Amino acid sequence: MSAKNSQLAKAQEEADEVKVIMLDNMQKTEERKFKLQELDERADQLQMKSKAFQKTSVKLKKKKRCDNIKAKWKLIAVVSSMALIIFLVAVFILVPGFFKPLCTVDACPPPDRNQPTRPVPYDGAQTQTPGRGLNSSES
């Protein structure tokens, strides 16, 4: 019987070792399960935060695009205004006779009521007589 007892004791020891290993594995499995649940919760939170970030980034992208368009229109308005001002200054300065008066108070008598009036530039060499129109200095 001692052989049977020794085999039985050996089998019992092996069973106890397997039992300890199995209990250890079950404990590790529970720990992993808990860690996986925590990881799953963190992944859900991260997914919710990423969706919120995506919405915020889309809103910010649209806002920046609108701001960019507004800035472009403002730049176009400023450049156009400057170009118009430069053009008008160039016209006033470069076009000869632009500011030349049509006639002065001394050189232009009141218009004749019988003839239609039209503006005539005054250059000092021409004189206008009432009723006869524009005469040059050749007369």
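Just a few scattered comments:
- Residues considered: Ile85, Ile69. Of these, the only one that is surrounded by 10 or more Cβ atoms within 10 Å (Cβ to Cβ) and either touching a residue at least 12 places away in the same chain (Cβ under 8 Å) or under 26 Å from the mean Cα position of the chain (by Cα) (or both) is Ile69.
- The combined condition, being open to solvent by less than 80 Å² (accessible area, probe 1.4 Å) and small (Gly, Ala, Ser), is not fulfilled by Ser2.
- Of the residues making up region 9-22, those that are open to solvent by 100 Å² or more (accessible area, probe 1.4 Å) and hydrophobic (A, V, I, L, M, F, W, C) number 1.
- Residue selection: Lys33 fails the criterion of being of a type in the set (Lys, Arg) and open to solvent by less than 100 Å² (accessible area, probe 1.4 Å).
The values are calculated or read from the model by the stated rules, or taken from the named source; none is laboratory data. Not measured: the values here are computed from a predicted model. In this analysis, Cβ positions are derived from the backbone assuming ideal geometry, glycine residues included, and neighbour counts consider all displayed protein chains. Calculation scope for accessible area: heavy atoms of the full protein, side chains included, ligands and nucleic acids excluded. Shrake-Rupley method; radii C 1.70, N 1.55, O 1.52, S 1.80 Å.
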